Amino acid sequence: MKTEGNLELVKLTKRYGATTAVDAIDLRVPAGTYCCFLGPSGCGKSSTMRMIAGHESVSAGDIILGADNVTDRAPAQRGTAMMFQSYALFPHLTVLDNVAFSLKMKGVGRTERVRKARAVMELVDLIPFESRMPAQLSGGQQQRVALARALVTDPGILLLDEPLSALDPFLRLRVRTELKRLQRELGISFLHVTHGQDEAMALADLVVIMKDGRIEQAGTPQDVFHRPATGFVARFMGGHNVLTLDGRTVSVRADRIRMGPGAADMRAMTGEVRGVEYAGAHVTLVIHAGEAGEITAVIPEEQFYAEPAELGQTRAIHWSRGDEFTLQAA
Ligand code: ADP
């Protein structure tokens, strides 16, 4: 039962006793979107996903999928599928039977089950492993079984709760690329919970940044990185300084800051060098600039080595005023 179309959350709320985990959020995810939910632990990402999947009841508000209000439908009746962080495979079933399991529950005949299961297993390169038991698979392969098992129901939306967190860094990168390819190939929406901003930037068409049960900002990776709405988003995405200048709160990208006094119309400050970190192609400097506080500057290595800064020195930094971006809130 595939529900095509846009996903809309309308004042969606989840309360656990006195805790409001998700606080009346509104969000529209167009069909075929790779959407990443990002935010610190406890901000309500998983609760939001579980409500969309139907694994958690909704305290208030609505979940609209295409033309249907699915708020109170059972998980299998809403056109979504969820891949869990712990892959939750059946240890006593082969890969093929794991993948085909939900079809069996629906009463689909053996021949049709195998045909459909093989079709999704092919998508994720599992055919060579179809007769193995889960214990005979690597972590990455087990994850592909979990993925195939979710996709076999032909969902309109696939929900993934921190799907890469159990993988080693090398595999994480590979699976990340694979997920993106799969989403494009299937043309359905993926909703992917992560707490890594690099993961969200790499994958998402739409990044949703949550804080304390609310959506702080939703936009393209470029939007949230170049035009952060709040100081929280700017800090969370990284690579920004959040400063109070001329009585307003602004963000300035760390890689837009340069050493030296700069031209007359530029913003210039001096301060004590509190940190120097070498990172290959660039050097990260931390300057304590009086009332402005600590400012992080990412300096290309050639520029840094032309006049290297050392801890404890007093040095000037500058940036163009055009690189100051006014934030709506601290
Ligand atoms: P995230 O996925 O962003 O880490 P969660 O949605 O898991 O956030 O949790 C949001 C808030 O709701 C947290 O304060 C958490 O402690 C609380 N919470 C989550 N699940 C439950 C539950 N089953 N019972 C009570 N509180 C919960």
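The values are calculated or read from the model by the stated rules, or taken from the named source; none is laboratory data. The shown structure was predicted, so the numbers you read here are calculated from the model rather than taken from an experiment. Note that each Cβ is placed from the backbone with ideal geometry, even for glycine, and that neighbours are counted across all protein chains shown. Note: areas computed on protein heavy atoms with side chains; ligands, DNA, RNA excluded. Shrake-Rupley method; radii C 1.70, N 1.55, O 1.52, S 1.80 Å.
Quick notes
- For residue 195, the shell of other residues with beta-carbons less than 9 Å away shows a net charge of -1, using +1 for Lys and Arg and -1 for Asp and Glu.
- Distance in nm between pseudo-label sites at residue 133 and residue 28 (7 Å out along the Cβ direction from Cα): 5.2
- Distances between placed amide hydrogens fall under 5 Å for residue 22 paired with 14, all partners being 5 or more residues away or on another chain.
- Rg [Å, one decimal], Dmax [Å, integer] - the chain, C-alpha atoms: 23.9, 77
- Close amide H contacts of residue 83 (hydrogens built in the peptide plane, cut-off under 5 Å, sequence separation of 5 or more or a different chain): 159, 160, 161.
- Net charge over other residues, Cβ less than 13 angstrom from the Cβ of residue 126 (K, R count +1; D, E count -1): -1
- Under the simplified labelling scheme, the residue 235-residue 170 pair shows an inter-label distance of 3.7 nm, with each label point 7 Å from Cα along Cα→Cβ.
- The coefficient of translational diffusion for region 239-326, derived via Stokes-Einstein from the alpha carbon Kirkwood radius under 37 °C and 0.692 mPa s, stands at 255 µm²/s.
- Partner lysines whose Cα lies under 24 Å from the Cα of residue 14, excluding those fewer than 8 positions away in the same chain, are identified as 45, 211.
- Expressed as a whole percent, the accessible surface of the chain that belongs to carbon and sulfur atoms is 50, based on a 1.4 Å probe.
- Residues of type lysines that residue 116 reaches as a straight line, Cα spacing below 30 Å, ignoring anything fewer than 8 places off in the same chain: 2, 104, 106, 180
- Mean separation of Cα pairs under 8 Å and 6 or more residues apart, divided by the residue count, gives region 149-228 a relative contact order of 24 percent.
- Nearest-20 debye value, the chain charge dipole, Cβ charges on Lys, Arg, Asp, Glu: 1280
- Full extension of the chain between residue 278 and residue 41 yields a length gain of 82.4 nm, computed as 0.36 nm times the residue separation minus the alpha carbon distance.
- Using C-alpha pairs under 8 Å with a sequence gap of at least 6, the mean separation divided by the residue count of the chain gives a relative contact order of 17 percent.
- Accessible area (Å², per residue) of region 81-131, counting only protein heavy atoms and a probe of 1.4 Å: 55
- Acute angle (nearest 10 degrees) that the helix 139-151 long axis makes with the longest principal axis of the chain, alpha-carbon atoms: 60
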